[in-house]
Amino acid sequence: MQLEETDLAEIGHLNKTLLFANKTTSQVDFSKLKPAPYIPMSPDKEADPKWLEAKRAGEDAIRSGKLATFVVAGGQGTRLGYDAPKGTLPVSPVTGKTLFQIFAEKIRNAQEKYGVEIPFMVMTSIINHEQICGFFKKNGYFGLNPDKVIFFKQGFIPSVDKNGKIILSGKDEIALAPNGHGGCLRAMVRSGATAKLKKLGVEYISYFQVDNPLVNIIDPFFLGFHILEKSDMSSKMIPKAYPLERVGHFCIYEGKLCVIEYSDLPPSYQEMLDESGKLKFIAGSVAIHILNVDFVEAKGGDDSSVRLPFHVAFKKVPYLDESGNLVKPSTPNGYKYEMFVFDALESASNPLVLEGLRGDEFSAVKNKEGVDSPATCKRDQKRQFAKWLEAAGVNLEKDADGTPIFDIEISPLFATNQADFVKKWNALEKKPEIKDGLFVE
Ligand code: UTP
């Protein structure tokens, strides 16, 4: 059954063109790379005419039901090593809300603000589909209308060993892995999700990853720029925090916008400075996009000429040893073939890039410890909440790194951005006491 659904010719082709050729992706002549242009962050977007025009366009589209939200949650989260789908990980500093709950509540906040139902698509994989659907059901869809929460599974592909042989995870079971977040284009079309969106009158999709609770899912500025620029696919960028930060780099190659992963870009390019002494390739990708539904339908069809390319990654893949026992390796041992959603950029019309603010948009949970871990994500949430409270005139004691010394949390049901927070906070008749465990809801 598994073999019948596996395209062995495709595996053979990928082994030959990627694994044996020792390439992670298609070859790029780095000397021809240019940094991607982007719309810089405004010092005061709420007073900047260009940004306000975008906000109006974005808000009009949201109010008319033209926006849907979309989380890609099909990954295996091997680096985090959490024994359940990543979206079910508790991350908020005081109440321990899960990633899925935070996203759902951000959507509920926008639904109330704009007086409209906003569909929420959740991409799962064969490995975590039942668990994710069950988790939403058990939690009453976190207050969302179940009819507007659309689950679908992405495609899968067998993992291989260093000789290109398919790895077995059971006596009659192949080690299947989801085919990368780029698999979402085909999955949205095949599952009928885009057809459903079209019926609902949705034209734009707000795409984000499951590991980033800071993401501004419904951002009228971003959507407005996307609409005004008549873009097929837009992206948020965040200036890199340091030269070798492990993010994708927005670049122009042969006249087209693309993202080059840190693992593919030589360190000399990652560290390169421009004439003004700033990092030349500064625009880091944080996997936040807006996609047109029509563009997804065009790119996600079955026609192989529009398919995204595959990349190969070295990861931990559970396997059967010679005595038939299942081994869960502690270090990478197998190769996974994956498509990346940002490879769609090169065929998108007017693919704009907009600068976002790190502390307001991005803090990912990737690793168990160290950078991009639950601990750094909790710290970054606290810093964001502190910034909002301070903007409302509240004094908070902070440590030398600028993190509040005690735990605080602002519910997405109260506010999802600073401007809204300040307005609502100032309107509170009785303000909560500022102390450890402060939870504003
Ligand atoms: P990552 O690149 O962090 O991969 O995914 P991962 O599988 O979650 O984690 P590791 O690398 O094994 O530790 C970034 C985002 O893309 C989604 C993930 O769920 C996450 O939101 N993703 C990744 C998919 O939806 N499908 C995939 O096949 C891969």
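All of the numbers you see were taken from the coordinates with simple rules; none came from a lab. This is a predicted model, so every value here is computed, not measured. No Cβ is skipped: glycine too gets one built from the backbone with ideal geometry, and neighbour counts run over all protein chains shown.
Numerical summary
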{"item": "Net dipole in debye of the chain [+1 Lys, Arg Cβ; -1 Asp, Glu Cβ; about Cα centre; nearest 20]", "result": "320 debye"}
{"item": "DSSP beta bridge pairing in the chain, given as percent antiparallel to the nearest 5", "result": "65 percent"}
{"item": "For the chain: relative contact order, % (alpha-carbon pairs under 8 angstrom, 6 or more apart)", "result": "21 percent"}
{"item": "Cα centroid separation, region 130-186 to region 23-74 (Å)", "result": "27 Å"}
{"item": "Protection-proxy order for peptides 368-376, 128-136, each taking the mean of Cβ atoms within 10 Å per residue, highest first", "result": "128-136, 368-376"}
{"item": "Region 67-224 - convex hull of the alpha-carbon atoms, volume per residue in Å³", "result": "141 Å³"}
{"item": "Cα gyration tensor shape of region 1-111, rounded if a/c is under 1.5, else prolate or oblate by comparing a/b with b/c", "result": "oblate"}
{"item": "Long-range HN-HN contacts of Asp407 with modeled amide H, under 5 Å", "result": "Gly437"}
{"item": "Rounded, prolate or oblate (a/c below 1.5 giving rounded, otherwise prolate when a/b exceeds b/c) for region 367-441 by Cα gyration tensor", "result": "prolate"}
{"item": "Which listed pairs, of Lys153/Lys199; Lys398/Lys423; Lys366/Lys431; Lys199/Lys236, have C-alpha distances above 32 Å, in listed order", "result": "Lys366/Lys431"}
{"item": "Sequence ranges 31-44, 286-299, 237-250, ranked by mean other-Cβ count within 10 angstrom, highest first", "result": "286-299, 237-250, 31-44"}
{"item": "Region 236-362 - share of DSSP beta bridges that are antiparallel (%, nearest 5)", "result": "90 percent"}
{"item": "Ordering of 317-324, 86-93, 50-57 by packing [mean C-beta count within 10 Å, highest first]", "result": "86-93, 50-57, 317-324"}
{"item": "Cα-derived Rg to Rh of the chain, Kirkwood definition", "result": "0.96"}
{"item": "Charge context of His129, other residues only, Cβ under 13 angstrom, K/R +1, D/E -1", "result": "+1"}
{"item": "Inter-centroid distance (Cα atoms) of region 380-399 relative to region 249-278, Å", "result": "34 Å"}
{"item": "Vicinal HN-Hα couplings computed from phi for region 260-274 (Karplus, 6.51 cos²θ - 1.76 cosθ + 1.60; Hz; Gly/Pro x)", "result": "10, 5, 4, 6, 9, 9, x, x, 4, 6, 5, 9, 4, 9, 8"}
{"item": "Backbone N within region 32-60 under 18 Å of label point (7 Å from Lys113 Cα along the Cβ vector)", "result": "42, 44-48, 51-60"}
{"item": "Shape category assigned to region 293-390 from the gyration tensor of Cα positions, a/c cut at 1.5", "result": "oblate"}
{"item": "When each of Lys113/Lys230; Lys113/Lys138; Lys113/Lys336; Lys171/Lys315; Lys240/Lys368; Lys148/Lys328 is checked by Cα-Cα distance, pairs over 31 Å", "result": "Lys113/Lys336; Lys148/Lys328"}
{"item": "Ranked His13, His311, His226, criterion: other C-beta atoms within 10 Å, fewest first", "result": "His13, His311, His226"}
{"item": "The chain: most fluctuating residue of Gly58, Gly74, Gly115 per GNM, C-alpha cutoff 10 Å", "result": "Gly115"}
{"item": "Stretchable slack from Ala9 to Glu53, in nm (0.36 nm times residue separation minus alpha-carbon distance)", "result": "10.8 nm"}
{"item": "Karplus-derived 3J(HN,Hα), 6.51/-1.76/1.60, for each residue of region 144-157, Hz, glycine and proline x", "result": "7, 6, x, 5, 9, 9, 10, 9, 8, 8, 8, x, 9, 8"}
{"item": "Residue exposure sequence - Ile410, Ile434, Ile405 - by fewest surrounding Cβ within 10 Å", "result": "Ile405, Ile434, Ile410"}
{"item": "Ranked Leu168, Leu438, criterion: other C-beta atoms within 10 Å, fewest first", "result": "Leu168, Leu438"}
{"item": "Across Lys382/Lys424; Lys97/Lys299; Lys162/Lys278, pairs whose alpha-carbon gap is larger than 29 Å", "result": "Lys97/Lys299; Lys162/Lys278"}
